[in-house]
Amino acid sequence: MWAELLPVGRSASSGGYRRFAWNSADAECRSWFEEQARGRGLSYELDRNGNQWAWLGDPAAGGAIVTGSHLDSVPDGGAFDGPLGVVSSFAALDELRGRGAEFTKPLAIVNFGDEEGARFGVACIGSRLSAGLLGRDQAFELRDADGVRLPDAMERAGYDPAAIGADDDRLARIGAFVELHVEQGRYLAEDQPVGVAGAIWPHGRWRFDFHGEANHAGTTRIEDRRDPMLTYANTVLAARKKARTAGALATFGKVAVEPNGTNAIASLVRGWLDSRAGDEATLTALVEEIERAAYERGERDGVRVELTRESYTPVVEFDAPLRDRLAKTLGGVPVLPTGAGHDAGILASAIPTAMLFVRNPSGVSHSPAEHARTADCLAGVTALADVLEDLACQ
């Protein structure tokens, strides 16, 4: 399974992956998922939001145990973030069948669409729509860098966007969702290939628009310039400084410039801030300080600053009884915090959710260098199988 997925959406120049929502690589990944489901005799289903489901047992019976993750990527992302969880879910089912496990509850494997938000700027779109945390009208207004609307992209890919929205009936039939994921960071020790997630830091994305005045780079005096690039650059530096002071994280990882000419002073710079902290009060205060720094510098530079919050996820405390049950089933593995968002975190508002982490020796993620050793991946499969057996076969 892993070998089949490796070439899909991989860039020859960077070695990273460009599996974005509703593009050709995404379509290949979706076809792969359907083939894996049907090849195992599972009932394949596409929900109203474009998420893929593979069912063992009757979905209508209720109390289903669900596992899975996502197959899309960030721009030039790694091979493990998302796909490891989906591949491991199918492998865990294979292992359980090999053990002769008898299921007493329905089991499903899911591939949530557009988890990374690389194309339309909002993370976890598939699970957010299902949980009612992203409204239909909001979703219909989302556009990619080329101006393509989300519903139009879905339609071009052969899916009907008319039905998207909250999927309360489906979620009501789920007893628990367990997502396996490669560790993002380096917390697991050498003798601990698998851990359990305790909580997800609150996090969000903010767009800063810096409005200046386009002009000639070679003829405009320094004192006559209204250069938004200066305000943007100062804001980036301020974000780093203030995040370090707060013990939090702030990253400007995406920027767009107009008119984007070498010999032209920009008229507009858009910068996207990703910020995370251990608690919501710290995160709110940090973003306010970054905003204040941007406005103050903008006044000096003659640049107008606008701030738009594009997405926000409050702190997620995973279901404590489920978390503790997983840790006990796995012999007391460590319970870890994480600063990364996941579909399990989104669904935690509606159903009991939990996460398993597989050790990442370098801690690098969202990069072609992302890695997990084969032995650790196999340990993750066994751990997931053990957990599913405990939850779905009792």
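In the stretch 198-255, which residues are of a type in the set (Ser, Thr, Tyr) and out of contact with any Gly (no Cβ under 6 Å at 6 or more places or on another chain)? Step through it out loud before you land on a result.
Taking the stretch 198-255 first, the residues of a type in the set (Ser, Thr, Tyr) are 219-220, 231-232, 235, 245, 251.
Across the stretch 198-255, the qualifying residues are Thr219, Thr220, Thr235, Thr245, Thr251.
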Does Val122 satisfy the criteria of being β-branched (Val, Ile, Thr), in contact (Cβ under 8 Å) with a residue 40 or more places away in the chain, surrounded by fewer than 24 Cβ atoms within 10 Å (Cβ to Cβ) and farther than 24 Å from Gly62 by Cβ? yes
Being farther than 19 Å from Cys124 by Cα, aliphatic (A, V, I, L, M) and open to solvent by less than 50 Å² (accessible area, probe 1.4 Å) is the filter here, so list the residues in the stretch 342-375 that pass it. Val358, Ala372
Do you know which residues across the stretch 268-283 are in contact with a strand residue (DSSP E or B) (Cβ under 8 Å, 6 or more places away or on another chain) and part of a helix (DSSP H, G or I)? Leu283
Quick one: what pairs do we get from the stretch 345-357, first residue more than 23 Å from Pro193 (Cβ to Cβ), second assigned to a loop (DSSP other than H, G, I, E, B) and open to solvent by 10 Å² or more (accessible area, probe 1.4 Å), C-beta under 8 Å, 6+ apart or different chains? Ile346/Leu133; Ala348/Asp319; Ser349/Leu133; Ala350/Gly132; Pro352/Asp319
I'm told His70 meets every condition in (1) out of contact with any Phe, Trp or Tyr (no Cβ under 9 Å at 6 or more places or on another chain); (2) within 18 Å of Ala123 (Cα to Cα) except one. Can you identify the failing condition by its number? (1)
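Evaluate the stretch 313-323: report whether one residue or more is aliphatic (A, V, I, L, M) and over 24 Å from Ala123 (Cα atoms). Walk me through it before giving the result.
Step one: of the stretch 313-323, the residues aliphatic (A, V, I, L, M) are 315-316, 320, 322.
Next, only the ones that are over 24 Å from Ala123 (Cα atoms) stay: 320, 322.
Yes, the conditions are met somewhere in the stretch 313-323.
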For the stretch 275-308, enumerate the residues that are surrounded by fewer than 19 Cβ atoms within 10 Å (Cβ to Cβ), at pLDDT 95 or above and of a type in the set (D, E, K, R). Glu288, Glu289, Glu291, Arg292, Glu296, Glu299, Arg300, Arg304, Glu306
Between a residue in the stretch 222-240 that is under 15 Å from Leu273 (Cβ atoms) and any residue that is aromatic (Phe, Trp, Tyr), which pairs come within a Cβ distance under 7 Å, given they are 6 or more apart or on different chains? Thr231/Phe210; Tyr232/Phe210; Thr235/Phe208; Val236/Phe252; Ala239/Phe252
Any idea how many residues of the stretch 21-46 are aliphatic (A, V, I, L, M) and open to solvent by less than 20 Å² (accessible area, probe 1.4 Å)? 4
Please enumerate the residues belonging to the stretch 299-320 that are charged (D, E, K, R) and farther than 22 Å from Arg205 by Cβ. Glu299, Arg300, Asp301, Asp319
Among the residues in the stretch 319-341, are any among the acidic types (Asp, Glu) and over 29 Å from Ala12 (Cα atoms)? yes
Quickly run through the stretch 316-339 and pick out the residues that are out of contact with any Leu (no Cβ under 9 Å at 6 or more places or on another chain), farther than 19 Å from Thr382 by Cα and surrounded by fewer than 19 Cβ atoms within 10 Å (Cβ to Cβ). Glu317, Asp319, Ala320, Pro321, Pro337
Please work out which residue is surrounded by the fewest Cβ atoms within 10 Å (Cβ to Cβ), limiting yourself to the stretch 2-20 and to residues that are under 22 Å from the mean Cα position of the chain (by Cα) and hydrophobic (A, V, I, L, M, F, W, C). Leu6
Lone qualifier among Glu28, Glu116 - being at pLDDT below 95 and under 29 Å from Val364 (Cα atoms): Glu116
From the set of residues in the stretch 186-221 that are touching a residue at least 60 places away in the same chain (Cβ under 8 Å) and of a type in the set (Val, Ile, Thr), which is nearest to Gly278 (Cα to Cα)? Ile200
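The values are calculated or read from the model by the stated rules, or taken from the named source; none is laboratory data. As the structure is a prediction and not an experimental result, all values here were calculated from the model. Cβ coordinates were reconstructed from backbone atoms using ideal geometry, including for glycine residues, and neighbour counts include every protein chain displayed. Please note that ligands, DNA and RNA were not included when accessible areas were found on the heavy atoms of the full protein model with its side chains. Shrake-Rupley method; radii C 1.70, N 1.55, O 1.52, S 1.80 Å.
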